[in-house]
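The block underneath contains the structure these notes are about, expressed in structure tokens.
The values are calculated or read from the model by the stated rules, or taken from the named source; none is laboratory data. Predicted model only: the values in this text are computed from it and were never measured. Reconstructed Cβ throughout: ideal geometry from the backbone, glycine too, with neighbour counts over all protein chains shown.
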Amino acid sequence: MPAPRDRQPGAAPAPGCLGIDIGGTKVALRAESDDGRTEESSFRWGPHRDADRDLADLAAHLKEFPGRTDVRAVGVAVPATVGPGERITAWPSRPAWTGLALGPALRALFPGAAVAWADDGDLGALAEADAAGCRDLLYIGVGTGVGGGCVLGGALCPGPARGSFEIGHLVVDQDGPECVCGRRGCLQATASGPATLARAATLRGAPVGHDELRDGLRDRRPWAEAALDRTARALATAVTGAAELLHPERALLGGGFAAGVPALLPAVTTHLTALSRPGHPPPPLAAARLGGLSSLRGALLLAQRLRHPDADARRG
């Protein structure tokens, strides 16, 4: 993450906003005060445990986080499905959170602050659209899972009241691998970072981590190229299907895994071109501007909109 701006000795912190990206393996935080100061931090979750202990870890980290001081609005990106009563109905990566009343749990961490949350992929799309100045944009984030979002006319599609844009659970291959959601052939099951590394390990006959995959791609090892090609083909299939229905102006590829494997973007572009049909070119595909920080910046943007709800109206 970028280095935070230093505080001036003796300077009182100005009220501000906090964004939190709660992922399956780590939590990232970014705070911005009204006078432009920033603080960033992150920590990794421990083994799968009960939600109360995870929340205690989060509370302990917040206690040591300078950016929490005098926060007035908090935006949270979560990969979990949140249903009626603000309860988590599904989170395969951390199943112990299922049933947790997310709203009360988050508000207890930030008494007196306005708190809101949304799907991490949706918030990633919102932040990328804001950074690109694009009102019609498709975003896919490839990391521990595959998330994404779509912004049409400057607003999230389908919109918070109707659920999240679950492109990671778009079925791209009915004979594909089993997904953590229980179906087969979801985009996430084929194209996530862990799925790509597991496929590379099977093809290589030995464990493969991120460094080994990058080295294998650099050295044009068949096992590395084949593993990445299947991921790229699945992503291109999903982008093509979404583009046929929604007609975004452009598409962006982001997420921590995509940012760490530069060969993924041109591989997806190649498959996108092959899937185009006459008169219907695919949307231009580029790297997400915010890299692996899209969801975190989206969470912060959500907090800023809570604190300054008329800001978009003034801009528009």
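Of the residues making up the stretch 253-262, those that are assigned to a loop (DSSP other than H, G, I, E, B) and buried (at least 19 other Cβ atoms within 10 Å of the Cβ) number 2. Could you list, in sequence order, the residues of the stretch 178-203 that are of a type outside the set (S, T, N, Q), within 14 Å of Pro92 (Cβ to Cβ) and touching a helix residue (DSSP H, G or I) at 6+ places or on another chain (Cβ under 9 Å)? Glu178, Cys179, Val180, Cys181, Arg183, Cys186, Ala189, Pro194, Ala195, listed by residue number. Taking the stretch 63-80 as the range and being buried (at least 18 other Cβ atoms within 10 Å of the Cβ) and either under 21 Å from the mean Cα position of the chain (by Cα) or free of Cβ contacts under 8 Å to residues at least 24 places away in the same chain (or both) as the test, the residues that pass are Ala73, Val74, Gly75, Val76, Ala77, Val78, Pro79, Ala80. Being crowded, with 18+ Cβ neighbours inside 10 Å and of a type in the set (Gly, Ala, Ser) is the filter; apply it to the stretch 106-130 and report the residue that is farthest from Phe65 (Cα to Cα). It comes out as Ala129.
Quick grid of which residues meet (1) touching a Leu at 6+ places or on another chain (Cβ under 7 Å); (2) modelled with pLDDT of 90 or more; (3) buried (at least 17 other Cβ atoms within 10 Å of the Cβ):
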site	(1), (2), (3)
Pro9	no, no, no
Pro13	no, no, yes
Glu32	yes, yes, yes
Phe43	no, yes, no
Asp50	no, no, no
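Scanning the stretch 286-310 for residues that are in contact (Cβ under 8 Å) with a residue 40 or more places away in the chain and small (Gly, Ala, Ser), we see that the one that is farthest from Leu253 (Cα to Cα) is Ala303.
Of all residues in the stretch 202-252, exactly one satisfies the criterion of being surrounded by fewer than 19 Cβ atoms within 10 Å (Cβ to Cβ) and assigned to a strand (DSSP E or B), namely Arg250. When we screen Gln174, Gln188 for residues that are touching a residue at least 24 places away in the same chain (Cβ under 8 Å) and closer than 21 Å to Leu235 by Cβ, the only hit is Gln188.
Based on this model, can you work out whether Gly99 counts as in contact with a strand residue (DSSP E or B) (Cβ under 7 Å, 6 or more places away or on another chain) and surrounded by fewer than 17 Cβ atoms within 10 Å (Cβ to Cβ)? Yes; evaluated as a whole, the condition is true for this residue. Total residues in the stretch 243-259 satisfying the condition of being in contact with a helix residue (DSSP H, G or I) (Cβ under 7 Å, 6 or more places away or on another chain) and free of Cβ contacts under 8 Å to residues at least 60 places away in the same chain: the figure is 1. Candidates Gly176, Gly159: the one that is surrounded by fewer than 16 Cβ atoms within 10 Å (Cβ to Cβ), more than 18 Å from Gly143 (Cα to Cα) and not assigned by TED's automatic domain parsing to the domain that holds Thr25 is Gly159. Between Arg218, Arg230, Arg289, the distinction of being modelled with pLDDT under 95 and among the basic types (Lys, Arg) belongs to Arg289 only.
It is to be established whether one or more residues within the stretch 100-118 are in the same structural domain as Arg307 (by TED's automatic domain parsing), in a loop (DSSP other than H, G, I, E, B), under 14 Å from Val27 (Cβ atoms) and touching a residue at least 24 places away in the same chain (Cβ under 8 Å). Scanning the stretch 100-118 turns up no residue that is in the same structural domain as Arg307 (by TED's automatic domain parsing), in a loop (DSSP other than H, G, I, E, B), under 14 Å from Val27 (Cβ atoms) and touching a residue at least 24 places away in the same chain (Cβ under 8 Å).
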